[in-house]
Amino acid sequence: TDAQGRKRDISATTLEPPLGCGAYRIKEFIAGRTIVYERVKNYWGEKLPVNVGQHNFNELRYEYFRDSTVALEAFKADHIDWRTENSAKAWATGYDFPAVREKRVILEEFEIRSSGVMQAFVFNTRRDKFKDPRLRRAFNHMFDFEEMNKQIFFGQYKRIASYFEGTELAARDLPEGLELEILKSVKDPIPPEVFTTPYANPVNGSPEAVRANLREAIRLMREAGYEVKDRKLVNAKTGEQLAVELLVSDPNSERFMLFYKPALERLGIAVTVRTVDDAQYENRLRQWDFDITTAVWGQSLSPGNEQRGFWGSQAADQPGSRNLVGIKNPAVDALIDKVIFATNREELVAATKALDRVLLWNHYVVPQWTYGKQRTARWDRFGRPKEMPRYGAAAFPTIWWWDAEKAAKVGNRS
């Protein structure tokens with residue numbers, strides 16, 4: 001029953017504050033706009049060693065904005081104390097205002113060491129046209145990340161080259177030691193390049209490199225059964241032009257899809273960019289109704305069962321699973337099991353690197369980009385420990401506190 005003694009309908013949504021046992025409780029909220037937490041007096045875990053130095057604010061208020069530009073303007077007007085910035089453009093151009101120059105607003109980046117990531121253009125390999133890994137590799141050759149990074153991202157990003165980018169789990173160089181033993185123990189076919197060639201993305205960024213990658217893409221497409229006729233890339237057997245739809249759900253994603261589109265058209269591919277609302281986008285993904293889209297897989301430092309949901313054969317047929325690619329590869333399944341059933345850290349790292357390497361050389365995705373740091377902006381009213389937690393990034397507001405002396409120098413909110 002609820003607080004009024006009425007029987008609950010657990011299938012219905014509710015705005016009733018949940019029961020909790022943490023350091024904060026919900027004080028008030030306006031749905032879709034703001035929520036306020038207040039510190040619990042006599043919190044039972046306050047003096048536990050793990051909590052010492054944490055939970056230093058009496059009240060935490062979170063404001064929600066539908067528009068990131070409005071959110072930034074609210075910060076600049078001193079209606080918000082702290083902001084985490086996800087836009088490269090905004091970070092490069094949006095923080096040149098008097099309070100920054102006067103050092104009343106501090107811009108600071110914190111390295112992210114607690115997780116890895118794969119963000120990529122994703123092929124739906126359930127569709128016959130994406131079955132051949134040579135075709136998928138050709139799409140990578142046509143992606144001019146270097147020019148996109150310069151024009152759209154102000155040179156801030158680096159190219160992702162691992163499904164566990166940013167961690168010690170990322171495969172580098174050639175396999176050796178325990179990793180090599182694990183790879184050799186897999187009975188199912190593995191791409192031969194796994195053992196002979198370190199994985200690397202094609203590099204563009206200059207007219208010469210773009211032309212060289214176009215030639216290599218055409219070569220790969222020919223091997224995959226396509227040829228160029230009248231500037232169209234067609235199936236050599238059927239004469240049908242290769243056509244793809246790039247599916248997105250927001251203007252930001254549409255921006256870089258539109259950047260990618262001309263390069264693919266140069267190869268002779270018919271390309272459309274389709275932007276749909278969030279609900280339609282999710283429904284299309286659940287029904288595997290897409291050619292190419294963008295996806296992000298966050299990775300912990302201790303991967304396990306979730307890898308089956310990301311890349312496992314069983315998940316490929318489960319609507320709504322994270323295996324958007326549709327991977328059904330016995331070698332990948334075997335390596336996922338090696339990760340899950342690793343008995344020590346050394347074995348886990350080696351098995352994960354082996355899995356990473358096999359996924360990369362199957363060219364299931366065209367890797368995109370990452371930053372590796374948390375961009376933050378704050379009005380200089382807060383203090384923090386001299387030594388920050390290695391895996392905590394900014395760790396705000398968890399271990400920060402209000403500094404009255406700094407706040408007095410910054411001045412009252414406008």
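Nothing in this text is a laboratory measurement; each read-out follows from the coordinates by a stated rule. Quantities reported herein were computed from a predicted structural model and do not represent experimental measurements. Virtual Cβ from ideal backbone geometry, glycine too; neighbours counted across all protein chains shown.
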Margin query: List the aspartates and glutamates whose Cα sits under 13 Å from the Cα of residue 261, skipping any in the same chain fewer than 8 residues away.
Written below: 144, 245
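Using helices alone, I'd like the mean residue ellipticity at 222 nm for the chain: each DSSP H run of four-plus residues gives -39500 (n - 2.57), total over residue count, nearest 500.
Working: 14 runs with 131 residues, N = 414.
Per the formula, -9000 deg cm²/dmol.
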Check: Highest GNM mean-square fluctuation, the chain, Cα pairs closer than 10 Å: which of 354, 263, 404?
Finding: 404
Check: Using modelled amide H (1.01 Å from N, peptide plane; none on Pro or chain starts), what sits under 5 Å from the amide H of residue 374, excluding residues fewer than 5 places away?
Finding: 110, 111, 112
Next item on the list: Per residue of the range 273-290, in order, report the coupling 6.51 cos²θ - 1.76 cosθ + 1.60 (Karplus, θ = phi - 60°) as ³J(HN,Hα) in whole Hz, putting x for Gly and Pro.
Entry: 10, 10, 9, 10, 6, 4, 5, 5, 4, 5, 5, 5, 5, 4, 8, 6, 9, 7
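In the range 191-334, what % of DSSP beta bridges are antiparallel (nearest 5)?
In the range 191-334, approximately 40 percent of DSSP beta bridges are antiparallel ones.
Quick check for me: using +1 on Lys/Arg Cβ and -1 on Asp/Glu Cβ, what's the dipole size of the chain about its Cα centre, in debye to the nearest 20? The partial results should precede the final answer.
Working: 62 positive and 57 negative charges, 62 e Å.
For this selection, approximately 300 debye.
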Checklist line | residue 30 paired with residue 193, simple spin-label distance in nm, labels 7 Å along Cα-to-beta-carbon | finding: 5.4 nm
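Write down, largest first, the equivalent ellipsoid semi-axes of the chain in whole Å, where each equals the square root of 5 times an eigenvalue of the alpha-carbon gyration tensor. Let's see the in-between values first.
Numbers: eigenvalues 365, 145, 109 Å².
Result for the chain: semi-axes of 43, 27, 23 Å.
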Item checked: Note, ³J(HN,Hα) from phi for the range 345-354, Karplus 6.51, -1.76, 1.60, rounded to Hz, x at Gly and Pro -> 5, 4, 5, 4, 4, 5, 5, 5, 4, 5
Next item on the list: Please identify, among 328, 184, 47, the residue showing maximal mean-square fluctuation in a Gaussian network model of the chain using a 10 angstrom Cα cutoff.
Entry: 47
Check: To the nearest Å, what is the center-to-center distance of the range 137-185 and the range 228-302, using C-alpha atoms only?
Finding: 21 Å
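For the range 306-367, what does the equivalent ellipsoid look like in terms of its semi-axes, each the square root of 5 times an eigenvalue of the Cα gyration tensor, given largest first in whole Å? Intermediate results must be reported in sequence, preceding the final value.
Values: eigenvalues 81, 37, 15 Å².
Equivalent ellipsoid of the range 306-367: 20, 14, 9 Å, largest first.
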Next item on the list: List the residues whose amide H sits under 5 Å from the amide H of residue 294, counting only those 5 or more places along or on another chain, with H placed 1.01 Å from N in the peptide plane.
Entry: 122
Item checked: Percent of alpha-carbon pairs separated by more than 19 Å within the range 122-248 -> 63 percent
Next item on the list: Taking every pair of alpha-carbon atoms in the range 83-127, give the share separated by more than 12 Å as a whole percent.
Entry: 76 percent
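Set the Förster distance to 51 Å, then compute FRET efficiency between residue 73 and residue 41 from the Cβ-Cβ distance, nearest 0.05.
Numbers: r = 36 Å, r/R0 = 0.71.
In this case the efficiency is close to 0.90.
So, R0 is 51 Å and r is the distance between the beta-carbons of residue 241 and residue 180; what FRET efficiency does that work out to, to 0.05? Kindly include the intermediate steps, with their values, before the conclusion.
Working: r = 43 Å, r/R0 = 0.84.
The computed FRET efficiency comes out at 0.75.
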Next item on the list: Two decimals is fine: what is log10 I(q)/I(0) at q = 0.25, 0.31 Å⁻¹ for the range 359-414, from a Debye sum with one equal scatterer on every Cα and no solvent?
Entry: -1.06, -1.28
Checklist line | Choice from 209, 12, 170 with maximal GNM fluctuation in the chain (Cα, 10 Å cutoff) | finding: 12
Checklist line | Listed peptides 213-220, 338-345, 14-21 by packing density, highest first (mean Cβ within 10 Å) | finding: 213-220, 338-345, 14-21
Next item on the list: Could you give log10 I(q)/I(0) at q = 0.09 Å⁻¹ for the range 296-414, computed by the Debye formula over C-alpha point scatterers of equal weight, without solvent?
Entry: -0.45
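Given a cut-off of 24 Å, name the pairs among 7/41; 150/386; 131/237; 76/409; 187/338; 47/409 whose C-alpha atoms lie farther apart than that in the structure shown.
Result: 7/41; 150/386; 47/409 exceed 24 Å.
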